[in-house]
Amino acid sequence: MSARQCLKRLHLEIHRPELREISTVTEAKFETGHRIGAVARTIYGTDDARLIPYEGGLKHALEKTARLVRAGPAFPIFEATFQHDGVLVRVDMLLPDGDGWRIVEVKATTSVKEEHSFDCAVQSWVFQGIGHRLNGIALAYVDNSFIYEGGGQYRGLLTEENMANEVEHLIPIVPEWIQKARNAAVGEEPDIPVGQYCFEPYECPFISHCWPSDSDFPVQNLAGDRAKLAEFVREGYRDLRDVPTDRLTEKQQRIQRVTNAGKPELLPGASRFFADLAYPRYYLDFETIMPAIPVWAGTRPYETLPIQWSCHYEAGPGQIEHAEFLDLTGDPPMRRLAESLIRALGMDGPVLMYTAYERRMIHGLMERFPDLEHPLAAIRDRLVDLAPLTRQYYYHPEMRGSWSLKAVLPAIAADMQYSELLGIQEGTAASEGYLEAIDPDTTADRKAELKEQLLRYCKFDTEAMVRLVQFLGA
């Protein structure tokens with residue numbers, strides 16, 4: 001599968017694994033995949049189903065799988081391990097099907113992707129190449145219209161799509177790709193230029209190795225269309241300051257102009273805007289979860305659910321207080337969160353946010369709790385988004401093409417660094433931390449530690465907005 005994305009990626013995975021950089025987002029996706037796999041085993045499982053463990057090593061997994069399959073298609077086998085002509089596969093679900101077997105590959109996505117077809121084709125090629133009878137192959141993915149009824153009953157969470165036709169079409173090219181992969185694995189590092197495939201279908205963990213990193217301001221800091229950025233790199237441009245200006249978008253020209261000047265650009269309109277902004281001012285930030293496997297009855301897979309908020313309140317210039325909400329009991333917190341938010345934000349004064357995320361969360365709460373629609377709508381109508389204002393009025397070379405709050409904050413407040421927060425430093429980690437904290441198996445000490453980190457992280461976000469307004473309005 002790595003070879004299908006990029007032969008260079010495969011080579012590096014084998015020969016230079018130390019160069020690999022796995023983001024927290026990617027790690028969270030891996031963990032989601034493991035969780036979906038565990039639920040799938042409860043859905044497809046029977047009392048006599050067998051799981052092939054990783055812990056015993058590859059040789060043990062192959063031998064145990066072969067022994068179980070020789071007994072005939074009598075019970076489901078999970079993580080069945082096969083090897084044919086040097087290609088190894090682990091089949092998520094190997095299910096009895098009459099006189100043969102049926103393969104079900106499980107994915108945490110909410111639809112069938114192009115890359116899934118080839119994945120299924122390789123599994124089919126290996127399984128049949130050994131000589132086993134395959135009567136069908138399907139891909140199971142998450143049905144995001146599924147509504148969890150509670151009680152740990154997840155039947156209906158996954159929906160299947162028959163992959164037989166796609167697999168039949170791809171089987172003939174599998175040996176060709178295996179040979180390409182072998183060549184890349186044993187030869188020199190392939191000379192493959194960067195491109196859009198560095199990010200699709202998955203973000204490659206070797207991006208920092210392949211994309212320019214030997215200049216103060218690499219081309220990728222121009223942001224924008226990745227295919228176009230890759231074109232600049234292929235043409236030999238390493239630093240964004242060297243790219244011809246007439247080939248850049250208006251936004252990229254601004255990034256290049258400010259970077260060339262070597263100092264930040266702060267336009268005067270910002271101070272005028274904030275001079276006219278009324279008090280009291282509220283600085284609001286939500287933290288959310290999007291669990292693939294619903295936690296609470298009445299929720300759907302991957303539904304975005306607010307579980308925490310922080311608010312800095314400024315009654316007048318410099319008169320700042322703080323309020324927050326976080327419930328780690330494990331009960332659905334959305335109702336109490338909404339009610340506490342209504343109480344904390346009062347009846348008037350702008351509610352400042354960074355990007356439209358908070359607006360979407362409030363709209364979601366209005367749909368979930370119709371009886372709170374009026375007071376929540378009143379809050380929604382007071383929202384002021386700082387992100388477009390920041391993009392319009394400010395840019396610093398060290399923001400490196402990004403106007404995210406995490407990129408802006410170090411440029412305007414050197415004493416505030418997300419990287420110095422203990423434990424949780426970004427949103428994905430906050431979501432994972434919350435789910436760990438409400439897990440009944442989490443110890444009291446660990447729960448207390450996570451609570452402190454969650455509160456500090458969310459508070460840091462709203463404190464960052466306070467500092468941003470102070471800076472832009474000065």
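Structure data summary
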{"item": "Near pairs, Cβ below 9 angstrom, 6+ apart or cross-chain, from the range 22-35 (aliphatic (A, V, I, L, M)) to any residue that is surrounded by 12 or more Cβ atoms within 10 Å (Cβ to Cβ) and part of a loop (DSSP other than H, G, I, E, B)", "result": "22/205; 25/203; 25/426"}
{"item": "Residue among 141, 148 that alone is of a type outside the set (S, T, N, Q), in the same structural domain as residue 28 (by TED's automatic domain parsing), more than 12 Å from residue 166 (Cβ to Cβ) and without any contact (Cβ under 8 Å) to a residue 40 or more places away in the chain", "result": "141"}
{"item": "Checking residue 95 against (1) part of a helix (DSSP H, G or I); (2) in contact with a strand residue (DSSP E or B) (Cβ under 6 Å, 6 or more places away or on another chain), the condition it does not meet", "result": "(1)"}
{"item": "Conditions (1) buried (at least 17 other Cβ atoms within 10 Å of the Cβ); (2) in a helix (DSSP H, G or I); (3) among the acidic types (Asp, Glu); number of the one not met by residue 115", "result": "(1)"}
{"item": "Residue match in the range 429-451 (condition: within 30 Å of residue 317 (Cβ to Cβ) and either outside the structural domain of residue 25 (by TED's automatic domain parsing) or in a helix (DSSP H, G or I) (or both))", "result": "no"}
{"item": "Verdict on residue 84 being touching a strand residue (DSSP E or B) at 6+ places or on another chain (Cβ under 7 Å), in the same structural domain as residue 176 (by TED's automatic domain parsing), closer than 23 Å to residue 178 by Cα and free of Cβ contacts under 8 Å to residues at least 60 places away in the same chain", "result": "no"}
{"item": "Selection count, the range 365-394, where residues are outside any helix (DSSP H, G or I) and touching a Ser or Thr at 6+ places or on another chain (Cβ under 9 Å)", "result": "1"}
{"item": "Residue tally, condition over 17 Å from residue 41 (Cβ atoms) and assigned to a strand (DSSP E or B), over the range 98-107", "result": "1"}
{"item": "Subset of the range 345-362 (residues that are over 22 Å from the mean Cα position of the chain (by Cα) and in contact (Cβ under 8 Å) with a residue 60 or more places away in the chain)", "result": "345, 346, 348, 349, 350, 351, 352"}
{"item": "Among (1) in contact with a helix residue (DSSP H, G or I) (Cβ under 8 Å, 6 or more places away or on another chain); (2) touching a residue at least 24 places away in the same chain (Cβ under 8 Å) - the single one residue 260 does not satisfy", "result": "(2)"}
{"item": "Qualifying position, being closer than 30 Å to residue 220 by Cβ, in contact with a Leu (Cβ under 8 Å, 6 or more places away or on another chain) and of a type in the set (Ser, Thr, Tyr), among 288, 299", "result": "288"}
{"item": "Meets criteria (among the aromatic types (Phe, Trp, Tyr), farther than 22 Å from residue 14 by Cβ and part of a helix (DSSP H, G or I)) for residue 146", "result": "no"}
{"item": "Sole exception among (1) more than 20 Å from residue 360 (Cβ to Cβ); (2) among the hydroxyl-bearing types (Ser, Thr, Tyr); (3) touching a residue at least 40 places away in the same chain (Cβ under 8 Å) for residue 245, by number", "result": "(3)"}
{"item": "Tally of residues being basic (Lys, Arg) and in contact with a strand residue (DSSP E or B) (Cβ under 6 Å, 6 or more places away or on another chain) across the range 107-130", "result": "1"}
{"item": "Output for the range 209-242, where each listed residue is touching a residue at least 40 places away in the same chain (Cβ under 8 Å) and among the basic types (Lys, Arg)", "result": "234"}
{"item": "Residue satisfying all of: in the range 19-47; among the small types (Gly, Ala, Ser) and part of a helix (DSSP H, G or I); surrounded by the most Cβ atoms within 10 Å (Cβ to Cβ) among these", "result": "40"}
{"item": "Scan of the range 395-424 for residues that are farther than 30 Å from residue 280 by Cβ and part of a loop (DSSP other than H, G, I, E, B), ordered by number", "result": "400, 401, 402, 422, 423"}
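The values are calculated or read from the model by the stated rules, or taken from the named source; none is laboratory data. A quick note: this is a predicted structure, and the numbers were derived from the prediction, not measured. Because the Cβ atoms are built from the backbone with ideal geometry, glycine has one as well, and the counts that use them run over all protein chains shown.
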